[in-house]
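Remarks on the structure that follows.
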Protein chains: 4
Amino acid sequence: MTTVRGFFHPKTATGASSLIPPPPWHYSGDLLTVEYRTDPARVRELLPEPLEPAEEDPGAVALVWADWQSCSGSGRELLDPVRSQYKEAFAVVRCSYGGRTYSRCVHIWVDKDFAVARGLHQGYPKKLGSLHQTRPHPFGPAPRIEAGARFGATLAASDRRLAQAVVTLREPSPTNGFVNGHPMAHHRWLPSIEKGGGLALDELVESGAASFEGGQPWVGDADLELFEAPGEELSRLEVREPIGAYYRQVGVVWDGGRLLESHTSGAA
Amino acid sequence: MTTVRGFFHPKTATGASSLIPPPPWHYSGDLLTVEYRTDPARVRELLPEPLEPAEEDPGAVALVWADWQSCSGSGRELLDPVRSQYKEAFAVVRCSYGGRTYSRCVHIWVDKDFAVARGLHQGYPKKLGSLHQTRPHPFGPAPRIEAGARFGATLAASDRRLAQAVVTLREPSPTNGFVNGHPMAHHRWLPSIEKGGGLALDELVESGAASFEGGQPWVGDADLELFEAPGEELSRLEVREPIGAYYRQVGVVWDGGRLLESHTSGAA
Amino acid sequence: MTTVRGFFHPKTATGASSLIPPPPWHYSGDLLTVEYRTDPARVRELLPEPLEPAEEDPGAVALVWADWQSCSGSGRELLDPVRSQYKEAFAVVRCSYGGRTYSRCVHIWVDKDFAVARGLHQGYPKKLGSLHQTRPHPFGPAPRIEAGARFGATLAASDRRLAQAVVTLREPSPTNGFVNGHPMAHHRWLPSIEKGGGLALDELVESGAASFEGGQPWVGDADLELFEAPGEELSRLEVREPIGAYYRQVGVVWDGGRLLESHTSGAA
Amino acid sequence: MTTVRGFFHPKTATGASSLIPPPPWHYSGDLLTVEYRTDPARVRELLPEPLEPAEEDPGAVALVWADWQSCSGSGRELLDPVRSQYKEAFAVVRCSYGGRTYSRCVHIWVDKDFAVARGLHQGYPKKLGSLHQTRPHPFGPAPRIEAGARFGATLAASDRRLAQAVVTLREPSPTNGFVNGHPMAHHRWLPSIEKGGGLALDELVESGAASFEGGQPWVGDADLELFEAPGEELSRLEVREPIGAYYRQVGVVWDGGRLLESHTSGAA
């Protein structure tokens, strides 16, 4: 009787082919966060029941760019950096479930397959994109992390630019923003293989960092532009009122989450 | 009460953001197939129970390169070809289930996110790769589809070459090979969000083309090389004995499959 | 005394590292051509003396997408297609020199380095871009080459879309258009390594196909859109009046050109 | 009489399309340098006359990975980072000319077109490649710049890995190595457009940084592997004896060079 191994596909006799290793997953990264208010109805329409809008500031959105190096517990991917480095941009809103406030990623683009696979596990609705963000540097023309420093960030998919921002730092900040600061409430959905068969997987899950360390956040202002494109709706989260923009370097460990609800129908 | 729409993530109020449209999915493509025999034990180790090795020729493998244009029923993706064209390479073996012979894809690489998402639905264990295959052309140095024509095909992932083949056509053939000619028997697996929680989705599914048209297949010979790489095991399916190589242009419609077994544990 | 070899850099003892082989260069490809009239002043401003606007129809522009397989005389690159396949989009205008009408490429984007290098030799002002065009196919949803067939073509650079077209074929045509039908008159310029030193290379060269074969051209209509982007001026060639659109498959050999004028200042 | 503008192609009425701005060019970057000795004959064969091998240690090679953010004097590219960020890997040897020791880049791969164009100006023999190097980070699993820190670096081109290194830092160092520490002596070559016409441009140029700032270099050890590939000869510079490995963050300005010799034949 054969068993196949591996946290993810493709599963093999050894498990060595798995697109991603089992958690814990370790991350070093730079976060550039732009917070603003959109029409709360545009947030609410992205929250399927039983999720409800956050009670306070229900139109708040964070658009976050992140430049990551990530690895398994062994850390070996760091030494073959094509297998550890990736970039992403994602839109986060807040919602309420069971009397608690959650963050929720409603759009996200990454540039590596292992990041797509981790998103499937965690309920992030990932697509591939092309992402860039200015990196701080101690020498030459790139910015230091200091007052007046400017960072650009861009997002494209299918050869069209979807978003671009320029963030100007003002001063150290006690926080890195508030929209992306709660545990994440995500759905994991997969359609039935049978036409008209509904969902084969229908879960509401919660997860957050198993551990976290971070540097001094900085706050500033952002110029943010969102662009329309076929098959994309990020621009529906239009900017009504800027809140602020943040820069922070962080280290994170993710080590699994918790099932909140499952409406999966179970064994055939 | 809010409902979100879309066949796949991200789900929104309109459904327009879905990474893939609902089936049927329509394909035009060129297939370059290299068939050979490997150690049958290397095939068997990739077949979890209840799958069993095919009774005849259990070590047969097909390594297939495909150059696709694909679209939804509307066909509109064809006019924005970055959203319809993709390439793939995949290894197929045969297996037996319920007294019937199935094909099964054990490794596959594609170069677009929508192809990754369709694979999740269909149970193809997709990773991203970089794929190339010579295309026939009526003029200039590229080959016609004729005796002596030579086609190259290559596969790389994470900046390493995993496979390369040169196929030389010999003559028209009654078939396009036999390994990839059965309905597919695939697993759809997703781990539980909870550590140690086993599988949240564990299905064995069957699918095949809802309709098919194809040109004259050609048969010939292949020089095939497989290379080792970290995190990849295609090279375990080492070439023991060549069978043949095939070229064919096809049109395919895929419109869902059938659940064979589910061991998903169901609602929490 | 050491000599290094190779048609292009990097030059080595063997010459095997050269980014491109010496001509002749052989090409198989599909051309999608959109012809239109822009403000003739926008063409004239791209023609440095001694070039003058074409006497007839001086505002005519061709925007051409091409999907190529190319190789040296040995043809070996065709079997490692990552080294032979590339796509390009380019804008062509006409001009007059020495009483003769020439075509001239004023903007061009390709997606491989060997194509950039060939452009440096030939005087094409190449940048990198991301290019896609619908390919005809005998089966499935992709178009046949026939009346009513529709082909999409797109161009992006630096994560922004610069142009997109949809071409609908109407009928066979005696020509593949007229704007890109003359010998090319191109400049080869390289600045002096010394600041303020002017041009180290300043040549006007002529070249064209050493041999050519082609299939039946088809003519039809195009919807063409051009988009503004930083560092790009394709959109200055705005569409005033459509002329026509063409599809043709061709085989071409390029084998060097002719120096028309050199203003290079020569040995130091 | 029309004049076209721009430091580089494509030249237009405004100059805004130029693939690169005029110098000075400003850079912030991280350098990972692996120095070793190869067979001095393999260096000598890459030095065309009048260049001669360096008198001391003529087989010394530096293989350098660099992760750059670069811009014109205006700095505006930094805010659209797809237009400022690039990575490169390059092999440097030393040579002697006019009684002086020079560094000379003999192979180089970059991942952006503007970097290719700057290389044409500066005489770097650039190809496109895929490059990755571990970045230091203050948090999480990525390394700090400290004793024992490990950095990976990889180079691929045409879907094949050409080189990979793992560098382990040991201690602060007074230098960042010695092979890449001299002014660069490069050739700028372009073949005649006419077959058999020899070189249209044949210059020996010298250049170096117009200004430089840098952090504390660190020295350590490297595991370096070079791989063979068609059309590539980096692996001829085989490792005979390791010298050392270095990590340093730098800021550089490049502002033109000096013509040492020209054998360009001049006006037609």
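The values are calculated or read from the model by the stated rules, or taken from the named source; none is laboratory data. Everything numeric in this text was worked out from a predicted model, so none of it was measured. For neighbour counting, all protein chains shown are included, and Cβ atoms are generated from backbone atoms with ideal geometry for every residue, glycine included. What goes into the accessible areas is simple: the full protein's heavy atoms, side chains included, and nothing from ligands, DNA or RNA. Shrake-Rupley method; radii C 1.70, N 1.55, O 1.52, S 1.80 Å.
Below is a table of values for the structure above.
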read-out	value
The protein assembly as shown, dipole about Cα centre (Lys/Arg Cβ +1, Asp/Glu Cβ -1), debye to the nearest 20	0 debye
For A:Gly196, label point 7 Å along C-beta direction: distances to other copies, nm	4.4, 7.5, 8.1
Using a 7 Å Cα-to-Cβ projection, B:Phe227 label spacings across copies, nm, ascending	0.4, 3.5, 3.5
Chain A: relative contact order as a whole-number percent, Cα under 8 Å and 6+ apart	20 percent
Amide hydrogen neighbours beyond the local backbone of D:Ser96, cut-off 5 Å, H modeled	D:Glu52, D:Ala54, D:Tyr102
Dipole in debye (nearest 20) - the stretch A:134-232, about Cα centre, beta carbon charges: Lys, Arg +1; Asp, Glu -1	300 debye
Cα Rg over Rh - the stretch B:147-268, Kirkwood	1.07
Sulfur and carbon atoms: percent of accessible area, chain B [1.4 Å]	46 percent
For chain C, alpha-carbon Rg relative to the globular expectation (2.2 N^0.38 Å, N residues)	1.03
Area hidden from solvent between C and D (accessible, protein heavy atoms only, 1.4 Å, total, Å²)	6000 Å²
Other-copy label distances relative to A:Ala16, 7 angstrom Cα-Cβ extension, nm	2.9, 4.8, 5.5
Table column - 3J(HN,Hα) (Hz), the stretch C:88-100, Karplus curve with 6.51, -1.76, 1.60, x for Gly and Pro	8, 9, 8, 9, 10, 10, 10, 8, 10, 8, x, x, 10
Total charge dipole magnitude, the stretch D:21-96, about the Cα centre, Cβ charges on Lys, Arg, Asp, Glu only, Debye to nearest 20	300 debye
In Hz, Karplus ³J(HN,Hα) per residue of the stretch A:103-120 (6.51, -1.76, 1.60; θ = phi - 60°; x = Gly, Pro)	8, 8, 7, 10, 8, 7, 10, 10, 10, 9, 6, 5, 6, 4, 5, 4, x, 4
Accessible surface, 1.4 Å probe, highest first, among residues C:Glu77, A:Glu261, D:Glu49, D:Glu55	D:Glu55, D:Glu49, A:Glu261, C:Glu77
Residues with amide H under 5 Å from that of D:His107, placed H, sequence gap 5 or more	D:Ala91
Shape call, the stretch B:76-172: gyration tensor on alpha carbons, a/c limit 1.5	oblate
Pairwise centroid distance, computed over Cα atoms, of the stretch A:232-265 with the stretch B:140-198, Å	37 Å
Selected from A:His186, A:His121, A:His137 as most flexible by GNM, with chain A as the system and alpha-carbon contacts under 10 Å	A:His137
Selected from C:Gly140, C:Ala163, C:Trp254, residue furthest toward positive end of dipole (the stretch C:130-265; charges at beta carbon)	C:Gly140
Qualifying chymotrypsin sites (Phe, Trp or Tyr not before Pro) for the stretch B:169-254 [loop in DSSP, other Cβ within 10 Å: at most 16]	B:Phe227
Cα pair distances in the stretch C:89-230, grouped into 10 Å bins until the bin that holds the longest one, percent each	10, 29, 37, 18, 5, 1
Per residue, in Å², the accessible surface of chain A once ligands and nucleic acids are set aside, probe 1.4 Å	34 Å²
Distant-in-sequence amide H partners of C:Ala149 (H built 1.01 Å from N, under 5 Å)	C:Leu169
Cα-based Kirkwood hydrodynamic radius, the protein assembly as shown, one decimal, Å	30.3 Å
Mean separation of Cα contacts under 8 Å, 6 or more apart, over the residue count of the stretch D:75-147: relative contact order %	22 percent
Between the stretch B:42-108 and the stretch A:19-66, the Cα center-to-center distance that results, in Å	36 Å
Kirkwood Rh (inverse of mean 1/r, distinct Cα pairs), the stretch B:1-51, angstrom	15.4 Å
Surface accessible to a 1.4 Å probe, C:His263 within the full protein complex, Å²	110 Å²
Loop-resident sites, the stretch B:131-238, for trypsin sites (Lys or Arg not before Pro), counting at most 15 other Cβ within 10 Å (DSSP)	B:Arg144, B:Lys195
Signed unit charges on C-beta, dipole axis of the stretch C:1-85, positive-most listed residue C:Phe8, C:Pro24, C:Ala62	C:Phe8
In order through the stretch C:155-166: 3J(HN,Hα) via Karplus (6.51 cos²θ - 1.76 cosθ + 1.60), integer Hz, x for Gly, Pro	9, 9, 8, 6, 6, 10, 6, 9, 7, 8, 9, 10
Residues along the stretch D:235-252 losing 40 Å² or more of accessible surface when the other protein chains are present rather than the chain by itself (probe 1.4 Å)	D:Gln249
